[in-house]
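Engineer: Have a look at this one.
Read the figures in this text as sums done on the coordinates, not as results from a lab. Since the model is a prediction, treat every value here as computed from it, not as a measurement. For neighbour counting, all protein chains shown are included, and Cβ atoms are generated from backbone atoms with ideal geometry for every residue, glycine included.
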Amino acid sequence: MPDPDVTRHFISGLPRSGSTLLAALLRQNPRFHASMSSGLHALVAANLQIMSAGSETSLLMSPEQRPRILRALFESYYAGLTDRPVIFDTNRAWCARLPLIADLFPKARVIACVRDVSWVLDSLERLIRRDPYENTRLFGGDGGGATVYSRVETLTRPNRLVGYPWAALKEAFYGEQAERLLVVDYEYLCRAPEQVLRLIYGFLDEPWSDSHDFEHVAFDAPAFDEALGLRGLHRVKPRVAFEERRTILPPDLFKKYRDMDFWHDVTGSRANVIAAQRGGAPVRPVSQSTG
């Protein structure tokens with residue numbers, strides 16, 4: 001059984017969409033533990049593979065053992081790492097695991113950070129161009145990093161950095177557990193951080209904390225980012241603010257990946273959404289209560 005004194009939630013969504021910023025803000029609350037992407041999902045996925053059909057191990061296990069083993073994995077992963085009673089684990093793959101999360105932790109919620117896909121790609125391209133002496137590990141050795149066109153095409157494949165979490169989010173958004181999903185738009189988070197955090201607290205049924213300081217936010221993971229060959233990937237600026245800028249993507253590429261933000265239309269979904277208006281209009285919350 002899960003530890004009754006620990007509440008578990010998850011942060012997921014698209015890259016370069018504010019998940020590290022959100023974790024940095026949440027961890028200002030002394031009751032919350034949150035950080036950058038953890039290795040927990042990879043461990044869960046590996047154990048599921050071992051326990052599933054086609055593996056010899058699966059023949060030696062009962063159905064009741066599987067959830068017990070996975071809950072124990074969650075407990076062990078954070079044992080000794082934090083004593084805070086509310087844990088947010090971050091991974092872009094959690095959106096594809098909503099049925100598993102719902103069964104293991106019925107009270108758990110998933111916060112998915114999003115951003116227009118064109119701007120996600122623009123942000124990644126800026127990081128790549130920042131260091132012309134480095135070949136990031138994002139593309140391997142198959143020529144996917146040769147030009148901006150090949151880089152964008154590679155990143156948006158269904159199993160790569162942008163394409164996979166986008167597809168996973170869409171699955172969760174229209175799935176049967178969508179009511180436990182909260183989609184948070186990056187622009188709105190940056191423009192109105194306190195308003196967004198208050199909505200998140202309400203979604204989680206947590207009491208508001210006055211510990212948040214939006215002028216002094218701190219997070220960085222230089223060793224991890226340098227190993228990936230992408231300096232600054234998880235660096236959070238001290239002051240929460242939205243910066244207007246022009247894209248560095250060629251116009252045809254930017255246009256190609258616009259309007260992939262399906263989360264603005266909740267028709268057919270029970271998901272909760274906090275988003276900014278399109279077209280540069282003043283931001284406003286767009287939310288759908290779970291009922």
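Engineer: Please check: in the Gaussian network model of the chain (C-alpha springs, under 10 Å), which one of Arg16, Arg66, Arg245 has the largest mean-square fluctuation.
Structural biologist: Arg245
Engineer: Let me ask you something else. Using a ≥ b ≥ c from the Cα gyration tensor of the range 152-208 (square roots of the eigenvalues), is it rounded, prolate or oblate, where a/c under 1.5 gives rounded and otherwise the larger of a/b and b/c decides, a/b for prolate?
Structural biologist: In terms of gyration-tensor shape, oblate.
Engineer: Still on this model: With each run of n ≥ 4 DSSP H residues scored as -39500 (n - 2.57), what mean residue ellipticity at 222 nm is computed for the chain after dividing by its residue count and rounding to the nearest 500 deg cm²/dmol?
Structural biologist: Rounded to the nearest 500, the figure is -10500 deg cm²/dmol.
Engineer: Could you tell me which GluC sites (Glu not before Pro) in the range 1-101 are loop residues by DSSP with no more than 10 other beta carbons within 10 angstrom of their beta carbon?
Structural biologist: Passing sites in the range 1-101 are Glu64.
Engineer: Please give the Cα centre distance for the range 45-73 versus the range 137-190, rounded to the nearest Å.
Structural biologist: Answer, in whole Å: 28.
Engineer: Based on other C-beta atoms within 10 Å, arrange Val273, Val183, Val6 from fewest to most.
Structural biologist: So the ranking, lowest neighbour count to highest, is Val6, Val273, Val183.
Engineer: Taking each full run of DSSP H in the chain as one helix, which ones are at least 15 Å long along their axis (Cα atoms) and have mean Kyte-Doolittle hydropathy of at least -1.0?
Structural biologist: Long hydrophobic helices here: 40-51, 65-78, 117-130, 163-174, 193-204.
Engineer: Can you give the net charge of the other residues whose Cβ lies under 11 Å from the Cβ of Phe203, counting K and R as +1 and D and E as -1?
Structural biologist: 0
Engineer: Here is a follow-up. Taking a cut-off of 22 Å between Cα atoms, list the lysines near Lys255, but don't count ones fewer than 8 places away on the same chain.
Structural biologist: Lys170
Engineer: In a GNM of the chain with a 10 Å cut-off on Cα contacts, which of Leu253, Leu121, Leu98 has the highest mean-square fluctuation?
Structural biologist: The residue with the greatest mean-square fluctuation here is Leu253.
Engineer: Fewest to most neighbouring Cβ within 10 Å: what's the order for Leu199, Leu73, Leu25, Leu124?
Structural biologist: Result, fewest neighbours first: Leu73, Leu199, Leu124, Leu25.
Engineer: For a quick check: sort Tyr174, Tyr133 by the number of other beta carbons within 10 angstrom, fewest at the front.
Structural biologist: Going from least to most buried by this count: Tyr133, Tyr174.
Engineer: Restricting to bridges with both residues inside the chain, how much of the DSSP beta-bridge set is antiparallel, in percent to the nearest 5?
Structural biologist: That works out to approximately 5 percent antiparallel.
Engineer: Given the options Ser35, Ser12, Ser211, state which has the largest fluctuation in a GNM of the chain using a 10 Å cut-off (strictly under) for Cα springs.
Structural biologist: Of the options given, Ser211 has the highest mean-square fluctuation.
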